[in-house]
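Working notes, structure below.
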């Protein structure tokens, strides 16, 4: 029983202080005078926002292959600590998740973790080599909820066309990492004055935008659903808006770091600000924020990418791309979008819960009666200092270390079971 919290459920237009009864993994009822069993666990949510559980459609859990930097279990726990009740695991592991056995492994490990739900994403191409399609049908039958070669762009337009046509028959999205490889080759950060001053080879906006428009046109041709990962430029937003205005089935995501940081974060050759796509300009950040507000960008996803400390302690050009994001995403979005007034908390919940569930066909995204009892309870005003040593993730590679952020997950409930509380984390650490 969740008592006294502000139930905020954009899927039904509900915003009310009330109690919520959960039982047998489902939402039973909500109201100010609902009864409950005498032995019910009571969770006091006074001052908290109670929302449909957050869903991250883009994270890297590194297993199989790199259990030293993350496992499905540690990633699922990190997700729960960030308020996520479900995450979708990208397939660029070792071996690649490109067959039903690999998909089944992720499903099983996710269940054993007993934390956030874990949904596998299968590879578009065998071995992510961009040559032959993986067997979509068998992977989907085994539990895959989408296909992607994330980490590598689908260079061949013909392969991307075939992927969209094939995926359409199964009703799943094709997620693409939009990067024209000949333009991006050797690039380490955004191309511009900062890269020139630092002596680093830059990646121009057009490396992303060329693939964005190609994918949108292929979605128009095939009537398939293309989902564009981690958008970073003003031009990409304009192209996505163009596609949506024409009824093309294109959706897109943005990451918290692209909403909050600019290329200036690379100053000092900070490898925790190295990512792909790279951090862009203040104008790009402003456009992305507006795109989340008006719905051109459909959802926020973390692109959680843990790396070992030694890997990031290299010369900037040779360091790997990516940062951890599951445990800071909520707070970064609050500080970047809610506090400055771009969006309200209802829109935040839509972009982090309702829209991911709806667009990817996942359980959750609503707290209506009978829906899965996946709930995120968070304090919208709590201020806290990011200490990577406290992360549930094995990864510590974050540009937010030492920064004070606003908003924090207090309790995460999956299928009616509490899988995380902030107090328990404090006690353990």
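The values are calculated or read from the model by the stated rules, or taken from the named source; none is laboratory data. Just so it is clear, the structure is predicted and the values come from calculations on it, not from any experiment. Virtual Cβ from ideal backbone geometry, glycine too; neighbours counted across all protein chains shown.
If I go through the range 70-92 residue by residue, how many of them are assigned to a loop (DSSP other than H, G, I, E, B) and crowded, with 24+ Cβ neighbours inside 10 Å?
5
Can you go through 386, 419, 413, 428 and tell me which one is at pLDDT 95 or above and either out of contact with any helix residue (DSSP H, G or I) (no Cβ under 9 Å at 6 or more places or on another chain) or on the phi > 0 side of the Ramachandran plot (or both)?
Matching residue, one of 386, 419, 413, 428: 413.
Regarding residue 53, is this residue surrounded by fewer than 21 Cβ atoms within 10 Å (Cβ to Cβ), modelled with pLDDT of 95 or more and in contact with a helix residue (DSSP H, G or I) (Cβ under 9 Å, 6 or more places away or on another chain)?
Against the criterion (surrounded by fewer than 21 Cβ atoms within 10 Å (Cβ to Cβ), modelled with pLDDT of 95 or more and in contact with a helix residue (DSSP H, G or I) (Cβ under 9 Å, 6 or more places away or on another chain)), residue 53 does not qualify.
Can you name every one of the helices (runs of 4 or more DSSP H) wholly within the range 121-234 that holds 2 or more residues which are surrounded by fewer than 17 Cβ atoms within 10 Å (Cβ to Cβ) and under 20 Å from the mean Cα position of the chain (by Cα)?
Of the helices (runs of 4 or more DSSP H) lying wholly inside the range 121-234, none has at least 2 residues that are surrounded by fewer than 17 Cβ atoms within 10 Å (Cβ to Cβ) and under 20 Å from the mean Cα position of the chain (by Cα).
Modelled with pLDDT of 95 or more, assigned to a strand (DSSP E or B) and in contact with a helix residue (DSSP H, G or I) (Cβ under 8 Å, 6 or more places away or on another chain) - does that describe any residue in the range 349-370?
no
Could you look through the range 264-290, keep only residues that are assigned to a helix (DSSP H, G or I) and in contact with a strand residue (DSSP E or B) (Cβ under 7 Å, 6 or more places away or on another chain), and pick out the one that is farthest from residue 251 (Cα to Cα)?
266
Please verify whether the range 269-286 includes one or more residues that are crowded, with 23+ Cβ neighbours inside 10 Å, over 20 Å from the mean Cα position of the chain (by Cα) and farther than 30 Å from residue 411 by Cα.
yes
Residues that are touching a residue at least 40 places away in the same chain (Cβ under 8 Å), more than 30 Å from residue 270 (Cβ to Cβ) and touching a helix residue (DSSP H, G or I) at 6+ places or on another chain (Cβ under 9 Å): does the range 181-190 have at least one?
no
Does residue 395 qualify as being free of Cβ contacts under 8 Å to residues at least 40 places away in the same chain, in a loop (DSSP other than H, G, I, E, B) and farther than 22 Å from residue 349 by Cβ?
no
Please tell me if residue 221 is out of contact with any helix residue (DSSP H, G or I) (no Cβ under 9 Å at 6 or more places or on another chain) and over 22 Å from residue 321 (Cβ atoms).
no
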